[in-house]
1. Step by step: find N for segment F:81-153, compute 2.2 N^0.38 Å, then divide the Cα radius of gyration by it. What's the final number?
2. Mind listing the label-point distances from residue A:42 to the same position on all other copies, shortest first, one decimal in nm, points 7 Å along Cα→Cβ?
3. Taking the axis about which chain F rotates onto chain E, which residue of F lies nearest it as judged by Cβ position, and how many whole Å separate them?
4. In whole percent, what relative contact order does segment E:76-147 give with Cα contacts below 8 Å and a gap of six or more residues?
5. Which semi-axis lengths, in whole Å and largest first, follow from the square roots of five times the eigenvalues of the Cα gyration tensor of segment B:26-73?
6. Segment B:111-153 to segment B:41-77: how many Å between their Cα centroids?
7. Taking each residue of F:95-103 in turn, how many C-beta atoms of other protein chains fall within 10 Å of its C-beta, and what is the average?
8. Return the Cα extents of segment B:52-115 along principal axes one, two and three, sorted largest first, each rounded to a whole Å.
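Derivation of every value follows stated rules applied to the coordinates shown; laboratory data play no part. Since the structure is predicted, the reported quantities are computational estimates derived from the model, not experimental observations. Positions of Cβ are generated from backbone atoms using ideal geometry, with glycine treated the same way; all protein chains shown enter the neighbour counts.
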């Protein structure tokens, strides 16, 4: 799922930590928040801060169902999971912010810059060139923010 | 790309082999047809037969650009390529026939039944449950046609 | 808009003619039904029969707004209108039946078989190969039903 | 979510009941199965039977997350929930089977035939006429199966 | 339909009022403009100003067909109509500006903040989490602009 | 395909000219770059500059396959090709930047301002009003940048 970025508004008067504090036995939430941190390198506090005011349960579903259930499943390695997610997001066409987060996640869990580019280019076959081109521009931004240098020509 | 299935009409009066016979130096076409065979386990003659009458150049583009250019690129292993394609096709929502072919392709190049299912289920997060559910029903058909037994419960 | 095909259920107990009989001064409806006949070669009775039972006003909107307003506008020739519609429907991805009708409409108003194929193939660049391939298979069916022979190779 | 229909293959050798039998404290699953029955008028056994062989956990997610979490929320009445779902499915464009099920669900929870038709027609403004027209044809089938007679003209 | 926002360019040299001034007997236009005002709380002058230069007839279609025909139909209350529209727009994925306007419209005609949030969250099941998350962020903006306070935690 | 606009980042350290310099016999690339210039009025250097760092081969595919293969085909005039592309992009819903470029391309190859507007308005029938409205706003920008005055009312 998408995580809020620095530009997003955050309402300091809300205390998101309270709203998503795991209760005893709340295994899915705990597992999900840990998995989210592993994949995205973030704590999820930004998700809570952005959603906490308007839809705190939606943040909880992202943690519990998205990361606690689905992304915690065995049966497929995280690198392939995240590259598949990048492929899916390219084909959706409208998920610019998610692409930004999950291109980063793919890199976090071991995919290379080149692999991300290959997956995106391949989706031109299925979703058309505009969707792939938009995604490559997003990837370029993510790579630049991480100081990933291009391969020597 | 999708390949024609047994149920598709084939016009015997067309000789597709002639239309896509590689000429000397036609490296992309030769490479593409070989790659297509490696990935899908088919010769591409069915594609030519189905398209040859109406749009023979489109079949050539599938071979040359789809398989000769894109799927022949280094930088990403075929198993990840095909699982990413499955993910992308689930998110498109309308590509039922392509899904059937490329779930098979994923299995051909080393993905397991379980991995295919994981990728599809994960796409419920991004494209919704209906798209994932439709894809699982297609996967079930492909698995059954190959006699792949479910894991013991 | 789509018109019902022979396979669609028709409820004979409904008299669609009554429901969309133009009243005096009902210029849009009259103009729309004439335009629909000109473009599709049908009377619209099939649309009324299929929709008349469940949503007769929707049939009226198709006639009035779709054909009476939009398709009756000056400023663009019908051949270009219908080829543009084919292009748009390919990119929607899910409009198989509409494609069948409007590939026929494009031929009715002066587009050639070759032009229809060119428009569809071109959309592979924007909507991906699966959407274009599905549309080519539909075009093949329409061409065959009209006895349009392929160009000599 | 979609539920399997009579035409779908069911593997009798699988015992779906076992796989989704709620354990002690499995509140979400129990709540979800009850909510699914309330909304769809079915037990969910068909979902388990269809998915149990290929992706039993996906059936569980449908029960737990779809019906146990989301559809069990307060804050919006079921009639509005189901009419909104019909609207959303029309706009997706590719969810024919889900539309069939959830048009039925909307009727089950108190929406009228007329209200379903109004919601679908309105979506022509946002998703275009083809998507709305396809949905009206599906609605017609659902209405017919329930013996719902059209309003007198 | 979408209405122009303050940030949109307006060409003062165009006099939109002239172009869409209802003539005698132009019932659909009059009815549509009144319905638009009732639903959106605006006069439609902004729509005319934004479109009047490039496509004045399109503004007229929005008034006449969108609001004069469809949104003026009996058979479904406005609150349900607008919540269904919000649901449909979430599933389209690309209609950010329309969502902003029609979340406001839903509130105008009696839906609560909570109901809007419920409809959007529910669409995560059908269109995926990214589409729902983007819509929640838009809803948050609309709520803030109206000074709607969140429910006490 | 989309071309980078002035606002896009360009990395001066990359020499895109080198990467896409046609080699002897590289007919598709040469033909594609010429076709691109004819259609878009640009050299393609901006595409190379934007993509050269992250995915130079993707720029080459745009030239070779997009313009050298598809847009160089006989069988359909360029004006109809570009108006069809505009129609397709409206229906995709997410291709704002491509729309901007190809509305310009349509004008370049002989389509009139009025014809572009007609094609976009017509797509409201198939993709809904929001997609058409967004496209009209983009068209307005393109027209303004070219000093195209509206027709006298």
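1. On the way: Rg = 11.0 Å, N = 73, 2.2 N^0.38 = 11.2 Å.
Against the compact-globule rule of thumb, the ratio is 0.98.
2. 3.1, 3.1, 3.8, 4.2, 5.0
3. F:94, 3
4. Taking the mean separation of contacting Cα pairs over the length of segment E:76-147, I get 36 percent.
5. Working: eigenvalues 57, 28, 11 Å².
Ellipsoid half-lengths, sorted descending, are 17, 12, 7 Å.
6. Using only Cα atoms, the two centres lie 25 Å from each other.
7. Details: counts 11, 3, 4, 8, 1, 0, 1, 2, 0.
Counting other chains' Cβ atoms within 10 Å and averaging over F:95-103 gives 3.
8. The Cα atoms of segment B:52-115 stretch 39, 29, 19 Å along the principal axes, largest first.
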